[in-house]
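Asks: The structure's right below; bear with me while I get my questions together.
The values are calculated or read from the model by the stated rules, or taken from the named source; none is laboratory data. Bear in mind that the values here come from a model prediction, so they are computed numbers and not experimental data. Reconstructed Cβ throughout: ideal geometry from the backbone, glycine too, with neighbour counts over all protein chains shown. The protein model used for the area step is the full one, side chains on, heavy atoms only, and it has no ligands, DNA or RNA in it. Shrake-Rupley method; radii C 1.70, N 1.55, O 1.52, S 1.80 Å.
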Amino acid sequence: MRIAVVGGGPGGLYFAALAKQLDPGRTVTVWERNPPGDTYGFGVVFSDETLGGIEHADPIIHDAMAASFARWDDIDVRFRDEVITSGGHGFAAMSRRKLLDILRSRCADLGVQLRFAEAAPDLERLRADHDLVVAADGVNSGIRTELADVFRPTFEGRRCRYVWFGTDKVFDAFTFDVRETDAGVMQVHAYPYDETGSTLIVEMTEEVWQKAGFAESPAVVDPASLGVSDSDTFALSRCEEIFADLLDGHRLIGNKSRWVSFTTVRCDTWHHENVVLLGDAAHTAHFSIGSGTKLAMEDALSLAACLSEAGADQVDLALAAYEAERKAVVVSTQRAAQASLEWFENLAQYTDQEPMRFAFNLLTRSRRVTYENLQLRDPEFVQRVDDWFAASLGFGAEPTRPPMFYPLRLRGITVPNRIVVSPMDMYSSDDGIPGDFHLVHLGSKALGGAGLVMTEMVCVSPAGRITPGCTGLWNDDQRDSWQRVVDFVHASTPAKIGIQLGHSGRKGSTKLMWEGMDDPLPSGNWPVVGPSPLPYKPHNQTPRELSLGEMAAIKEEFLAAGRRAVEAGFDLLELHCAHGYLLSSFLSPLTNQRDDDYGGPLENRLRFPLEIFDGLRALWPAEKPMSVRISATDWAPGGIDVDEAVLIATAFADHGADLIDVSTGQVVSTEKPAFGRSYQVPFADAIRNALVGRDIAVMAVGAISSYDDVNSLLLAGRADLCALGRTHLYDPQWTLHAAADQDYQMPWPMPFAAGRRKPQTGRSDGPKPRLELVRDPEANAVRHGRWRPA
Ligand SMILES: Cc1cc2nc3c(=O)[nH]c(=O)nc-3n(C[C@H](O)[C@H](O)[C@H](O)COP(=O)(O)OP(=O)(O)OC[C@H]3O[C@@H](n4cnc5c(N)ncnc54)[C@H](O)[C@@H]3O)c2cc1C
Ligand SMILES: Cc1cc2nc3c(=O)[nH]c(=O)nc-3n(C[C@H](O)[C@H](O)[C@H](O)COP(=O)(O)O)c2cc1C
């Protein structure tokens, strides 16, 4: 078998070595256009997990790498004159040049043909002469460009500028340094790689970069003035000045160091006939999670293994298996990298945070590291964060508890913990009356331990229903039935109960969820209304554009429902301004195209929702809080985005809202939501941090399903409350169970007290048998290793 590898970076060389090692009969040739040793970058970092794979694949390469590793465990977060350290992370790093030396020499020993300082022949020739062509030709891959029609790459350019330097300062831990400068916030990511130096990356937003004068560098003004191996010396000396205290008398070193913006590369397909993409050619992931080299080497390992497993004449099967195996890992890494890069892009929103919270926030930014995870790595660090959190809430004198179990005060009510049952329409009522089903549904959720239980969207009129099964509050029978639910919750549980009031607008008159969500009724449709005559989907009714008189009448319906909600005794009232229902459709420019005072600029689009909010606030008891649910993005071009969502939240805060419930989407049917774990939390985060200092709380919702995620995002300051929807349908006692799992003694309903211990599994959970003669006192100690070269 003849294999051509284009590119002698870590991906190409490692693949060549493994492919040759697995079958010495193969002819493997690597083309690298640069001479040996001529490379960019300084140090590369590996996690323990990747190292395990590398160790098994080729112990010779692994041992040579291990002999060169700088190893340490700590991350230092330097922020506002404090250095906060978290241990137990386990890093291994080495110089990129050294890594390439090791890989090259191993390739040579194994008989790989190495053609350095030689550009690869053109693709057609390579393909004709070889059974397989591996495109390991880096982020600007020429082969990917040539076959762009089949690989269908996308390039997402990001907002920050960054530059890689080396330094002769040998840091002893991974160091993040975040500082306010006259131009704005700048950050450094630095880590050692051997006994001589460290990698040091400086990063900032485009605006800060402009303001700091970096755009005036000759290398930026006239890039042609820079030779291929030159660095931007202006940037280097300015960064040396700005970070002089961190560098502590040491120098920055350039190696083709220039300002760049990160580009996330993704490809639809990674292989075509006998050509396959590997490493940066196939995908990139932001450097802040330190994974470019690791991903390239893991790709190499997987491709070599799949080729051997499939057999010599089954290249197509091998390439398909490789892509299937690696794509899942890469997509997940890219998701974490995306969260991390967005965190750094939005860093300025966190610089008011206390250093302890800031450090926790930074460490958990990619969502891969969590509260529980950090507890395993460094329980003392987590205890410090817990202590800080408790003190910040006025509970400093008590033993700490998991963050989700602290109460939250909203006006005159206290929500006993941070878990909320998200509003969920049950489509199970007759004539809008909540029946036994609703009593049992909401009652069981309240018994299940959640601090606040929200009703489904309760409609203010028959025409304001989504489906014929929706509940309402337009008559006294409905009020009395709701009161039965409220009374049960109050009499039998410590939970609070909130009502969500809404009007379906253009999304009304549709089938029950399980008969066809958003589909018009087969018969008995009622006319629907909206700000503008635009149907939700082509087959939905076109809404009638509301006249001012009709809007005034709808406002009266909201107020009448609000009065009945007071009478029913609800603790909190939420106005539903999300998901494309009537008030939401006034807010979004995609659904509101009016040319009167209620359409156009945001100020106008807010007018009707705010008028209703003001009317309700005036009749809702002063000691009771009001919430507003918004869709913080329409996930569609031209629609609401996070910046506008912050303005919407601010407007409601100005009008006296106590809580913003941050959902997204469902406004237009053409939306393209980026679903994933906790996918709406960044919007809650942005709003919470924009409203910091105001007396308003923020609720996050959407695919938050583990108590670990809840604890993490509360501690990091991304939200004050977490609403869980579907999770509560799966487990109505989710909060009680979360308490049991975390060994937290929360009050159980007395009649359930006998069930408060987790049922035993088959094995006894008694004392474990002794397995060691003498226990190792170090075994469970936190690893606080720092890099101390001999
Ligand atoms: C300036 C810079 C600094 C970096 N520093 C670090 C770091 O310190 N730590 C870290 O983990 N990651 C770093 N990265 C990211 C990391 O280098 C990549 O993720 C990783 O090298 C990917 O490996 P690869 O083998 O896929 O591609 P690369 O390492 O980019 O290798 C591709 C190779 O292909 C060669 N090539 C391209 N076209 C041809 C052709 N037609 N013929 C012959 N050869 C060709 C190129 O010269 C190059 O050597 C850095 C990236 C950049 C741009
Ligand atoms: C069956 C069902 C009904 C829902 N009904 C409503 C509703 O009436 N009002 C509302 O604001 N959101 C409604 N939602 C959205 C949820 O409140 C929540 O925002 C969404 O399910 C995401 O949270 P989750 O991932 O925890 O389920 C509903 C969700 C489900 C699953």
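Asks: With the condition kept exactly as written, say whether any residue in segment 589-597 is more than 16 Å from ligand 1 (Cβ to nearest atom), more than 19 Å from M426 (Cα to Cα), open to solvent by less than 10 Å² (accessible area, probe 1.4 Å) and of a type outside the set (D, E, K, R).
Replies: The answer is yes; a qualifying residue exists.
Asks: Please work out if G676 is surrounded by fewer than 21 Cβ atoms within 10 Å (Cβ to Cβ), of a type outside the set (A, V, I, L, M, F, W, C), modelled with pLDDT of 95 or more and touching a Lys or Arg at 6+ places or on another chain (Cβ under 8 Å).
Replies: In short, no.
Asks: Further question: Quick test of your reading of the structure: G498 fulfils all but one of (1) part of a strand (DSSP E or B); (2) within 29 Å of G599 (Cα to Cα). Name the failing condition by number.
Replies: (2)
Asks: Check segment 60-74 and report whether any residue there is in contact with a Ser or Thr (Cβ under 6 Å, 6 or more places away or on another chain) and of a type in the set (V, I, T).
Replies: no
Asks: Within segment 255-265, does at least one residue satisfy the condition of being surrounded by fewer than 24 Cβ atoms within 10 Å (Cβ to Cβ), closer than 19 Å to G8 by Cβ and not polar (S, T, N, Q)?
Replies: Checked segment 255-265: at least one residue is surrounded by fewer than 24 Cβ atoms within 10 Å (Cβ to Cβ), closer than 19 Å to G8 by Cβ and not polar (S, T, N, Q).
Asks: Take the conditions at negative phi and either in contact with a His (Cβ under 7 Å, 6 or more places away or on another chain) or modelled with pLDDT under 95 (or both) and apply them to L110. Does it pass?
Replies: When the stated conditions are applied, L110 does not pass them.
Asks: Does E603 count as open to solvent by 40 Å² or more (accessible area, probe 1.4 Å) and either of a type in the set (F, W, Y) or not in a loop (DSSP other than H, G, I, E, B) (or both)?
Replies: yes
Asks: Quick one: would you say R357 is farther than 15 Å from L714 by Cα and surrounded by 15 or more Cβ atoms within 10 Å (Cβ to Cβ)?
Replies: Answer is no for this residue.
Asks: Across segment 1-45, what is the total count of residues that are assigned to a strand (DSSP E or B), near ligand 1 (Cβ under 9 Å from one of its atoms) and surrounded by fewer than 24 Cβ atoms within 10 Å (Cβ to Cβ)?
Replies: Residues meeting the conditions: 2.
Asks: So which helices (runs of 4 or more DSSP H) stay within segment 352-447 end to end and still have 1 or more residues that are within 21 Å of the chain's Cα centre (by Cα), modelled with pLDDT of 95 or more and of a type in the set (S, T, Y)?
Replies: Of the helices (runs of 4 or more DSSP H) lying wholly inside segment 352-447, those with at least 1 residues that are within 21 Å of the chain's Cα centre (by Cα), modelled with pLDDT of 95 or more and of a type in the set (S, T, Y) span 371-377.
Asks: Considering only residues that are in contact (Cβ under 8 Å) with a residue 60 or more places away in the chain and away from ligand 2 (no atom under 12 Å from the Cβ), look in segment 719-730 and name the one that is most open to solvent (accessible area, probe 1.4 Å).
Replies: Only one residue tops the list, namely D720.
Asks: Would you be able to tell me the number of residues in segment 665-687 that are within 13 Å of ligand 2 (Cβ to nearest atom) and in contact (Cβ under 8 Å) with a residue 60 or more places away in the chain?
Replies: Qualifying residue count, segment 665-687: 6.
Asks: Looking at segment 456-498 only, could you name the residues that are in contact with a helix residue (DSSP H, G or I) (Cβ under 7 Å, 6 or more places away or on another chain), more than 28 Å from R411 (Cα to Cα) and of a type in the set (A, V, I, L, M)?
Replies: I466
Asks: Only one of (1) farther than 21 Å from R2 by Cα; (2) open to solvent by 30 Å² or more (accessible area, probe 1.4 Å); (3) without any contact (Cβ under 8 Å) to a residue 60 or more places away in the chain is not met by F69, so which one is it?
Replies: (2)
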